[in-house]
Amino acid sequence: MNPFAYSRATDTDQAVAGISGKRQVKFLGGGTNLIDLMKMGVETPETLIDVNRLPLAQIEELPDGKGVRIGAMARNSDVAAHELIKSRYPVLSEALLSGASPQLRNMATVGGNLLQRTRCYYFYDPAFPACNKRLPGSGCGALEGYNRIHAILGQSEQCIATHPSDMCVALAALDAVVRVRGQNGEREIRFADFHRLPGDTPARDTNLEHDELIIAVDLPSIPFATRSHYLKVRDRASYAFALVSVAAALDIGSDKKIKAARIALGGVAHKPWRANAAEKQLIGKNAEEKTFRAAAEAELAPAKGYKYNSFKIELAKRAIVRALNIVVEMS
């Protein structure tokens, strides 16, 4: 590991001032991803600013029933176990519990989870020279390499890496809002705008500015989110990243027709993938399997597979159908 300096922030203003204008400075929360990347030589910050002491671990109801705010330093295990989350947004609790291990969930923070970097083999190991995400302009080793875990939606010729987070898939389905603070004060970023597709700049994962600190995530009030589910398909039953995952919620009327739907996919794109085409297909239709299959077909129509991951296209379709069937059974 390269040598680095360490400091501890006592308030958000100090944290932001400490990173402003300094490209080789990183915030340190739980460290469950950043420290791994530093050990591998992928990340080489000159200074770490520890933000663990900042008072940003609250999980509380927003005024006037507008939803729930989760502080950026809230630990994943605490969020998953919180009664407000379990009762109003079960899809988020389930997504968190499906990720990593209990030990890692006890360390990992909500803010850090938002900033997880891809687990693409070619990115994670500097021994592979071709990775546009790690070394812009070097190429994408996964395009012609072993690409079993890689993207089938929203990718580019520059990068076919996938986003690894389970939590973020649920947040995408829930229309979350990320609150950040920088030198110019606070701003809100819609979750759909927070992460980026690779395009020609795959090295940049998010639209967060370098000197901005995530302070909270707001969940809007969605009454039908109480009927929601997170389905994760992976190679083994625990401690594995998703091949495909689905966060789903349905608002079903007394006539069994779908009034509203929220669907997001994980393991298929460079960012948590909001399934807008599938949602549009569902509105006004009967909540039944043939409806769900048609929606899945619409969503995966533009999908593109590679040598080792073409199976994910059909897998994603089946996962969407299964997740929606489970949500219907919950009613």
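The values are calculated or read from the model by the stated rules, or taken from the named source; none is laboratory data. For clarity, every value in this text was computed on a predicted model and none was experimentally measured. FYI the Cβ positions are ideal-geometry reconstructions off the backbone, even for glycines, and counts take in every protein chain you see. For accessibility, only protein heavy atoms count, side chains too; no ligands or nucleic acids. Shrake-Rupley method; radii C 1.70, N 1.55, O 1.52, S 1.80 Å.
Summary table
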quantity	calculated
Of all residues making up segment 244-258, the number that are in contact with a helix residue (DSSP H, G or I) (Cβ under 8 Å, 6 or more places away or on another chain) and either open to solvent by less than 10 Å² (accessible area, probe 1.4 Å) or basic (Lys, Arg) (or both)	8
The listed residue being surrounded by 18 or more Cβ atoms within 10 Å (Cβ to Cβ), acidic (Asp, Glu) and touching a residue at least 24 places away in the same chain (Cβ under 8 Å), out of Asp200, Asp205	Asp205
Conditions (1) surrounded by 15 or more Cβ atoms within 10 Å (Cβ to Cβ); (2) in contact with a helix residue (DSSP H, G or I) (Cβ under 9 Å, 6 or more places away or on another chain); (3) assigned to a loop (DSSP other than H, G, I, E, B): number failed by Asn52	(2)
Residue within segment 172-187 that is modelled with pLDDT of 95 or more, closer than 23 Å to Ile19 by Cβ and either touching a His at 6+ places or on another chain (Cβ under 9 Å) or of a type in the set (Gly, Ala, Ser) (or both) present	yes
One residue from Leu92, Leu62 being in contact (Cβ under 8 Å) with a residue 12 or more places away in the chain and buried (at least 19 other Cβ atoms within 10 Å of the Cβ)	Leu92
Test: Ile214 is touching a helix residue (DSSP H, G or I) at 6+ places or on another chain (Cβ under 8 Å), under 30 Å from Val16 (Cβ atoms) and open to solvent by less than 30 Å² (accessible area, probe 1.4 Å)	yes
Candidates Asn106, Asn113, filtered to the one that is touching a helix residue (DSSP H, G or I) at 6+ places or on another chain (Cβ under 9 Å), modelled with pLDDT of 95 or more and open to solvent by 40 Å² or more (accessible area, probe 1.4 Å)	Asn106
Residue ranges of strands (runs of 3 or more DSSP E) in segment 127-242 with at least 2 members of a type in the set (A, V, I, L, M)	177-182, 213-220, 228-233
One residue from Pro302, Pro272 being closer than 15 Å to Gln155 by Cα, touching a residue at least 24 places away in the same chain (Cβ under 8 Å) and over 21 Å from the mean Cα position of the chain (by Cα)	Pro302
Some residue of segment 75-88 being outside any helix (DSSP H, G or I) and more than 16 Å from Thr32 (Cβ to Cβ)	yes
First in segment 223-238 and free of Cβ contacts under 8 Å to residues at least 40 places away in the same chain, second anywhere and surrounded by fewer than 23 Cβ atoms within 10 Å (Cβ to Cβ), Cβ under 7 Å, 6 or more apart	Phe224/Asp251; Phe224/Ala260; Arg234/Ala240; Arg234/Phe241; Arg234/Leu243; Asp235/Leu243
Filtered residue count, segment 264-303, keeping only those that are under 30 Å from Thr206 (Cβ atoms), in a helix (DSSP H, G or I) and open to solvent by 30 Å² or more (accessible area, probe 1.4 Å)	5
Pairs where the first residue, in segment 148-171, is more than 13 Å from Ala303 (Cβ to Cβ) and the second is among the basic types (Lys, Arg) and open to solvent by less than 20 Å² (accessible area, probe 1.4 Å), C-beta under 9 Å, 6+ apart	Arg148/Lys312; Ile149/Lys312; Gln158/Lys133; Cys159/Lys133; Ala161/Lys133
Scope segment 22-49; condition β-branched (Val, Ile, Thr), open to solvent by 30 Å² or more (accessible area, probe 1.4 Å) and assigned to a strand (DSSP E or B); matching residues	Thr47
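The rows are residues; the columns are (1) within 14 Å of the chain's Cα centre (by Cα); (2) crowded, with 19+ Cβ neighbours inside 10 Å.
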{"site": "Tyr122", "(1), (2)": "no, yes"}
{"site": "Ala127", "(1), (2)": "no, no"}
{"site": "Cys140", "(1), (2)": "no, yes"}
{"site": "Asn147", "(1), (2)": "no, yes"}
{"site": "Pro164", "(1), (2)": "yes, yes"}
{"site": "Ala170", "(1), (2)": "yes, yes"}
{"site": "Gly182", "(1), (2)": "no, no"}
{"site": "Arg187", "(1), (2)": "no, no"}
{"site": "Arg190", "(1), (2)": "yes, no"}
